[in-house]
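Chemist: Have a look at the structure that comes next, please.
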Amino acid sequence: MVLIDLPDFKISGKFSADADSLISSPVINGHFELHQAAYDTIFITQEMKYNGLIDFVASVNIDSQLAVISADLQTHDLSFSLPMESRVRDIDTDLKIHQKFDITNVMFLGRSQSVFQTPTGESIDYLIYRSYYKNKMPNMSSLSVGLVEAAGYKIENFALEGVFGDGRVDIPLFQADIYGGNAGGNISVDLANGDLSQTAYNVSAQFSGINSTLLVPQVKVKGHEGIINANLNIIGKGLDPEKEMDLAGGFYITEIGPRVADNLLRSLDPEGRDFGIRSTRILINRGFKPKLFSFEIRHGYFYPSVKFSQPFYFPVRFVRGTD
């Protein structure tokens, strides 16, 4: 056993390993622990510092055919200050990972489906069955972050719950407060036995009451005109940067003020070269109010379109595609 003691960083820990039958049928077992109680601030550099409690425990069991890895990370009141006035505050973590690896075939082992099976698969369903899943699965993980602030933007009260391991990442619920509103949704990832080109993922999110004047301060709007409501749905396959990724889905803004919509289109085409975007902005500035702003993803390309709530003096139904 090897003991770890770094008093300047308030770190203690230990590592142990043993091996048996290395020639005929090798079996290797390893155990690692690391504990840090940094009640006072610890400086990494002058601009990078942190404080909080960290407990990490991991074990590895390996034989000639199978490797089993288990890890448990817990943090409490963990906070980081980073360069460029960035900071992450009040991180509370209870993360559990359990994964089997087939050494012979060089692949992850695990489930092909999420353990969270609800009628619609949306986070609202998980909230209904939440107590059932928490009692059923002792390996449930959780993460909460009080504040993330970087580059002038910030997210508050971020939280997620999920299961990590067995070849999958399943997060049935994440939520956060963003710019006067809130966001929430779910994420599922099938690691496809470790083949990045076949990794499948699904992201669903809802955004409600986002105040665009806080998000984009240079755009001045009054009252409710600055509020944005939106939905995001993405289904994808492939995470290998050297191979093509297959993406489908879309981002749908169900409520957006005319001035905010006009600024969004201007940011997509700042030089005014795209005829579709240019003509859509003309309609908005003539009194046509966006009813639905869509950014659909097909074959890896974005196809934006706008459905209008039209002025009384223009009775013909009108939809403008900006692609």
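The values are calculated or read from the model by the stated rules, or taken from the named source; none is laboratory data. The shown structure was predicted, so the numbers you read here are calculated from the model rather than taken from an experiment. Every residue, glycine among them, receives a Cβ derived from its backbone with ideal geometry; neighbour counts consider all protein chains shown. All accessible areas refer to the heavy atoms of the entire protein, side chains included, with ligands and DNA or RNA removed. Shrake-Rupley method; radii C 1.70, N 1.55, O 1.52, S 1.80 Å.
Results for (1) within 21 Å of residue 189 (Cβ to Cβ); (2) touching a strand residue (DSSP E or B) at 6+ places or on another chain (Cβ under 8 Å), shown as yes or no for each residue.
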position	(1), (2)
47	no, yes
65	no, yes
75	no, yes
85	no, yes
101	yes, yes
109	yes, yes
133	yes, yes
150	no, yes
153	no, no
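Chemist: Within the range 122-143, which residues are part of a strand (DSSP E or B) and open to solvent by less than 40 Å² (accessible area, probe 1.4 Å)?
Modeler: Of all residues in the range 122-143, those part of a strand (DSSP E or B) come to 141-143.
If the condition is that a residue be part of a strand (DSSP E or B) and open to solvent by less than 40 Å² (accessible area, probe 1.4 Å), then 141 is the only one that fits.
Chemist: Only one residue in 167, 146 is touching a strand residue (DSSP E or B) at 6+ places or on another chain (Cβ under 7 Å), crowded, with 17+ Cβ neighbours inside 10 Å and not aliphatic (A, V, I, L, M). Which one?
Modeler: Working: 146 fails: crowded, with 17+ Cβ neighbours inside 10 Å.
Criteria check complete, one pass: 167.
Chemist: What are the pairs with Cβ atoms under 7 angstrom where one residue, in the range 288-300, is touching a residue at least 40 places away in the same chain (Cβ under 8 Å) and among the hydrophobic types (A, V, I, L, M, F, W, C) and the other, located anywhere, is crowded, with 19+ Cβ neighbours inside 10 Å and not in a strand (DSSP E or B)? Sequence gap at least six, or different chains.
Modeler: If the second residue must be crowded, with 19+ Cβ neighbours inside 10 Å and not in a strand (DSSP E or B), the pairs left are 293/256; 293/261.
Chemist: When you look at residue 24, is it over 34 Å from the mean Cα position of the chain (by Cα) and either of a type outside the set (A, V, I, L, M, F, W, C) or at negative phi (or both), yes or no?
Modeler: Numbers: over 34 Å from the mean Cα position of the chain (by Cα): yes; either of a type outside the set (A, V, I, L, M, F, W, C) or at negative phi (or both): yes.
Taking the combined requirement at face value, the residue satisfies it.
Chemist: What residue, of 100, 154, is within 18 Å of residue 70 (Cβ to Cβ) and in a strand (DSSP E or B)? So that I can check it myself, show each step before the final result.
Modeler: Numbers: 154 fails: within 18 Å of residue 70 (Cβ to Cβ).
Just one listed residue meets the conditions, 100.
Chemist: Any residue in the range 191-210 that is closer than 24 Å to residue 75 by Cα, among the aromatic types (Phe, Trp, Tyr) and at pLDDT 90 or above?
Modeler: Quick first cut of the range 191-210, residues closer than 24 Å to residue 75 by Cα only: none.
Within the range 191-210, none of the residues are closer than 24 Å to residue 75 by Cα, among the aromatic types (Phe, Trp, Tyr) and at pLDDT 90 or above.
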